[in-house]
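The values are calculated or read from the model by the stated rules, or taken from the named source; none is laboratory data. Note that the coordinates shown come from a computational prediction; the quantities given were computed from them, not determined experimentally. Positions of Cβ are backbone-derived with ideal geometry, glycine not excepted, and every protein chain shown enters the neighbour counts.
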Amino acid sequence: MTTSTIPSTEESAAYLPRKAHDTPGDRAFGSVSHIILIIWAAIVILPMLWTLMTSFKTTSQIFASPFSLPDGLHLENYTGAWTTAGIGNYFVNTVIVVGAALVIVMVLGAMCSYVLARFQFFGSRAIYYLMLAGLTFPIFLAIVPLFFTLKNFGILNTLPGLIITYVAFALPFTVFFLFSFFRALPGEVAEAAAIDGAGEWQTFFRIMLPMARTGFATVAIFNFLGLWNQFLIPVALNTNVDNYVLSQGMAAFASQAGYAVDFGQLFAAVVITVTPVLIIYILFSRQLQGSVSQGTNK
Amino acid sequence: MTATLNVTPDRGEFAPARRRGVRKKLTFDRVSFMLVFLGLPLAIYLVFVVSPFIQACYYALTDWSGFTPTQNFVGLANFKRIFTDDIFLTAMGNNILLAVVLPLVTIVIAFIFASFVTVSGSSRGQTRGLKASGFYRTVSFFPYVIPAIVIGIMWSLIYDPSNGLLNGILTAIGLDQFQDFPWLGDERTAMAATIFVIVWSMVGFYMVLFVAAIKGIPAEYYEAARVDGAGRFRIAVSVTLPMVRDTVQTAWIYLGILALDAFVYMAAMNPGGGPNNSTLVMAQQLFTTAFTKGQFGVACAMGVVLAAVTLAFAGLVFLVNRLLGGKADS
């Protein structure tokens, strides 16, 4: 292996144009790689398609054979899951909690990271590291005292209690990522705004926030997914069935389906829960993958 | 407090862009701005995140049951108790097994796939990957965004002994011994089946991560290796792997933290800890101890152990990377 001293360039391996012909070995290797990747793609897709298909079957059909096609769209699975199993109620709760928490955490996170990134004052670095620490420690360590904190505030088992907890635990991630976006903005713009007579408030809302738009959107998508998928916090801190969110409602439904056995509804409930994230994924797939990539580019 | 200190030293582009300030005057505008912008988020963070973490460390040293206003200080008795508790030790063993196997399997698969789609194309001409790589990436990435609880439920339906997809396929191709085989109910397969599900959901994300890292490697390195006669395997091990070492480290830490938690997946697939506690994890044991048994002091001690193991794990990964020459290469 050579220890190459060729200076690195901006060009990366995959962006270069194709030309030369393939050797037989290349073709064989290429085919094998394609086959492996296709098998993996099938392992990813098939279970989902199977779940979708099974959600249209009645429970007795499900028991008859895992492969039989549904004899019609048994939409009563969906209506049953939505109403009798309470998935509809959980869905609404989730939309409320995730929506409110997302808006609040993005506003607070943007404000906090902006101040930390663009102002120097005594303790600013300490606050930043305190936020980072919150990103590292397992939530499980905090869960018991958190239960009593919420109880003392009288917001245990309520949606507002859940919202504020979501906000608090999504804050470190939000601040950590927005921090770097605000840091990267040119300071001259803020100075120009100040010369034109804009106060700090105006500068933030009218100039800096719009400039950090892309980073803001990415962090918002990740926060949405994280909060939509959150499981431990609601299970521990939101035990009133009326206030259940989807993830914990699904868990409760699945564990009870073992006795009451309405598998058709359970499959339908799975599909209902996955649909919103699927839509988000299709809309933002490029952006999601792009932002995963950004993290490692040097 | 110097403004030139770079907070994220590995990311050059985030180095402070602004000039060392002229000290600004404290106007009402500025003071109110700072108070609201920093004060409000910080207050929420301190009350709902920092304070519970600190309280947990204190409660771990008490015999608190949650229903008494006061608690007695019992020193390290809780820790002594959980370290002599066979069930907790089993759970800890399972977590450690997960933290070793899960990242290893996920990273190996993700790395191989990422190499396929980026640099494993033709051995002549420019370095390039396979066709349709975007398709593979997009499909593999998708499970990452599905709620973990739903992934768990979906797979427990697939693993279902009599009506599941897996046994359906296996019996259909003639493997009749798998008729009614309980994948999650058999002590020999429960853990492996669970690990597979977590790997299934994570591979796509780490594949995208590795693809990005590999694209950042200058093409000359590959050309030079090829001129020297290195084959694909040799290139992957001797060129690609050392160049993405920091990404591997990051991936290992993320996956390890996930493995040391693993609560959601376990709660979905084997809420009771699995056959003979073979998939029980510390987080489940903590949850039961706190919210079913009401032994909050002991549960907090378990939380402290969990946090300590997590930090030790991250430290270990850094150390191993350093020992293998991490700094020299990057």
Worksheet item: Filter the stretch B:175-191 for residues that are outside any loop (DSSP other than H, G, I, E, B) and closer than 12 Å to B:G274 by Cα; which is nearest to the other protein chains (Cβ to nearest Cβ)?
Response: B:A190
Item to complete: Pull up the stretch B:147-162, narrow it to residues that are in a loop (DSSP other than H, G, I, E, B) and closer than 16 Å to A:I62 by Cβ, then point me to the one that is modelled with the lowest pLDDT.
Response: B:S162
Practice prompt. Might you check whether a residue that is crowded, with 18+ Cβ neighbours inside 10 Å, of a type in the set (K, R), over 25 Å from B:A312 (Cα atoms) and over 23 Å from the mean Cα position of the chain (by Cα) occurs anywhere in the stretch A:175-186?
Written response: yes
Discussion item. I'm told A:A194 meets every condition in (1) part of a loop (DSSP other than H, G, I, E, B); (2) free of Cβ contacts under 8 Å to residues at least 12 places away in the same chain; (3) of a type outside the set (V, I, T) except one. Can you identify the failing condition by its number?
Written reply: (1)
Worksheet, complete the sentence: Of the residues in the stretch A:49-72, those that are hydrophobic (A, V, I, L, M, F, W, C), within 31 Å of the chain's Cα centre (by Cα) and more than 8 Å from every other protein chain (Cβ to nearest Cβ) come to A:L49, A:L52, A:M53, A:F56
Worksheet item: For residues in the stretch B:143-172 being at the interface with chain A (Cβ under 7 Å from one of its Cβ atoms) and small (G, A, S), which is nearest to the chain's Cα centre (by Cα)?
Response: B:A148
Discussion item. Considering only the stretch A:115-130, I want to know if a residue exists there that is buried (at least 22 other Cβ atoms within 10 Å of the Cβ), assigned by TED's automatic domain parsing to the domain that holds A:Y166 and among the aromatic types (F, W, Y).
Written reply: no
Worksheet, complete the sentence: Within the stretch B:291-320, the residues that are free of Cβ contacts under 8 Å to residues at least 40 places away in the same chain and crowded, with 20+ Cβ neighbours inside 10 Å are B:A299, B:A307
Fill in: Unique residue being closer than 30 Å to A:F177 by Cα and modelled with pLDDT under 90 when the list is B:G21, B:G121, B:G125
B:G21
Worksheet entry | Residues of the stretch B:215-239 satisfying the condition of being more than 7 Å from chain A (Cβ to nearest Cβ) and assigned to a helix (DSSP H, G or I) | B:E223, B:R226, B:V227, B:F233, B:R234, B:I235, B:A236, B:V237, B:V239
Discussion item. Restricting to the stretch A:137-147, and then to whatever is within 7 Å of chain B (Cβ to nearest Cβ) and not aliphatic (A, V, I, L, M), can you tell me which residue is surrounded by the fewest Cβ atoms within 10 Å (Cβ to Cβ)?
Written reply: A:F137
Worksheet item: Just checking, how many residues over the stretch B:240-253 are assigned to a helix (DSSP H, G or I), at the interface with another protein chain (Cβ under 9 Å from one of its Cβ atoms) and within 17 Å of B:T118 (Cα to Cα)?
Response: 1
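Okay, residues lined up against (1) assigned to a helix (DSSP H, G or I); (2) buried (at least 21 other Cβ atoms within 10 Å of the Cβ):
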residue	(1), (2)
A:L209	yes, no
A:T218	yes, no
A:N223	yes, yes
A:T239	no, no
A:S247	yes, yes
A:G264	yes, yes
A:V270	yes, yes
A:T273	yes, yes
A:I280	yes, no
Fill in: Per-region count, the stretch A:122-162, residues among the hydrophobic types (A, V, I, L, M, F, W, C) and free of Cβ contacts under 8 Å to residues at least 60 places away in the same chain
15
